[in-house]
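Notes follow once the structure below has been shown.
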Amino acid sequence: MVGSAYPTVNRMSKPSAVTLNPMPRHVAIIMDGNGRWARKRLLPRVAGHQAGVDAVRGVVESCAKKGIEVLTLFAFSSENWRRPASEVGLLMELFLQTLKREVKRLHSNNVRLRVIGERTAFDPKLQQRIAEAEATTRDNTGLTVVIAANYGGRWDITQAARNVAQKVEIVALKSNDITPELLDQHLSMSDLPEPDLFIRTGGEQRVSNFLLWQLAYTELYFTDTLWPDFLAPAFDEALLSFSKRQRRFGRTGEQVEQAQGA
Ligand code: IPE
Ligand code: IPE
Ligand code: MG
């Protein structure tokens, strides 16, 4: 069945799948390098995380200005609990304080805030603050900012599979009904376009259990710039690199060019 691998009916088939889009709809970022940024300055690691929050503000502003629809930020991975308890505690505190401080401003800028990840592991105060931030901004129509916190790509796929299994039990779903599209519907960001551009700062070239399923056809961009130094010009460079990519989704370059000319 030639062509059947090219999705046509679900959210994976957005129009930008076949045309070279200069601006991604969804940018997903692994904000790495805070610790090294601090160490270079002989500062404690948490100072790097604090400086990282300023960089987040900048990228959120850039995305809103450029009309990017979704910005997903990896803030804390399911593996980051392995860090020293003191650093984990400070990161949680920083998350709480940042939510307290920033939500009003985000709301007034029509930003919709979402948090993905296993949030039940968080302190109840933080869970409540997250729920409030989501509720306050739920109906906003501007940029959607997704914070991945205690998130892992494997966790996401596992919880989707668990939900599908419940359907098997409750609505007698057949195993043959389990398709990529069905599983996709149960993932954390099923209602959002898939990431077009993935950025990892800090020099490492790995995915570190970020969006495993959703990155299937995302353009990958790695930069040595440490996250707190990732300011507007660095972001523009990533967007420029993206604009030059030809996204083929399994097709040939000629097919893509033909579709664009059509
Ligand atoms: C990323 O920066 C922030 C989090 C993982 C919370 P790092 O803290 O990993 O910084 P490096 O990699 O040690 O420089
Ligand atoms: C990935 O960075 C997680 C976040 C940025 C939140 P890490 O610094 O934890 O990744 P590894 O451990 O170097 O792969
Ligand atoms: Mg790191």
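The values are calculated or read from the model by the stated rules, or taken from the named source; none is laboratory data. Keep in mind it's a predicted model, so treat the numbers as computed, not measured. Positions of Cβ are backbone-derived with ideal geometry, glycine not excepted, and every protein chain shown enters the neighbour counts. These area figures cover heavy atoms from the full protein model, side chains too; ligands, DNA and RNA do not enter into them. Shrake-Rupley method; radii C 1.70, N 1.55, O 1.52, S 1.80 Å.
Lysine pairs in the chain whose alpha-carbon atoms fall under 29 angstrom of each other, counting only those eight or more residues apart or on distinct chains, come to 13. Remark: spin-label model distance Leu183-Gln166 equals 1.9 nm, labels positioned 7 Å along the Cα→Cβ axis. In this view, the solvent-accessible surface of Val164, computed with a 1.4 Å probe and all protein chains in place, comes to about 10 Å².
Per residue, the chain exposes an accessible area of 52 Å² to a 1.4 Å probe, with every protein chain left in place. In a DSSP loop and with at most 13 other Cβ atoms within 10 Å, the trypsin sites (Lys or Arg not before Pro) in the range 112-161 are Arg138.
Measuring nothing but protein heavy atoms, the accessible surface of the chain at 1.4 Å probe radius is 54 percent carbon and sulfur. About the centre of its Cα atoms, the chain shows a dipole size close to 460 debye [charges on the beta carbon of Lys, Arg (+1) and Asp, Glu (-1) only; nearest 20 debye]. Short to long, the 10 Å bins of the Cα pair-distance histogram for the range 173-262 hold 13, 33, 33, 17, 4, 0 percent of all pairs.
In the chain, Rg over Rh equals 0.98, where Rg is the alpha-carbon radius of gyration and Rh the Kirkwood radius from pairwise Cα distances.
Working from label points 7 Å from Cα in the Cα-to-Cβ sense, the Arg82 to Asp139 distance is 4.5 nm. Modelled spin-label separation between Ser190 and Thr158, with each label point placed 7 Å from Cα along the Cα-to-Cβ direction: 1.9 nm.
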